[in-house]
């Protein structure tokens, strides 16, 4: 599951939607993890950009759990794993 990937890649994470998009455009990203419980427009924006940039992405069910996997106290909509 993707939460484990996030936990294992803790030192290579980019946390948050804006930072993830910036990193994707900068070609720094190996994979993107997107929470399903966020705004549908943001899911579409992130997944479309990932497809355009040929970056694999996975969906997880909870932004709160994704945030905890990153080691932060708040939820996060998206996380990028750096190359």
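Computed values, structure above
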item	result
Condition met for residue 39 (more than 12 Å from the chain's Cα centre (by Cα) and at pLDDT below 95)	yes
Residue list for region 40-63, filter: touching a residue at least 12 places away in the same chain (Cβ under 8 Å) and outside any helix (DSSP H, G or I)	53, 55, 56, 57, 58, 59, 60, 61, 62
Any hit, region 8-16, residues being assigned to a helix (DSSP H, G or I) and in contact (Cβ under 8 Å) with a residue 12 or more places away in the chain	yes
Test: residue in region 19-37 that is surrounded by 14 or more Cβ atoms within 10 Å (Cβ to Cβ) and farther than 17 Å from residue 82 by Cα	yes
Those residues of region 64-83 which are assigned to a loop (DSSP other than H, G, I, E, B) and at negative phi, in sequence order	72, 73, 74, 75, 76, 77, 83
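The values are calculated or read from the model by the stated rules, or taken from the named source; none is laboratory data. These numbers come from a predicted model, not from an experiment. All Cβ positions, even for glycine, are placed from backbone atoms using ideal geometry, and neighbour counts span all protein chains on display.
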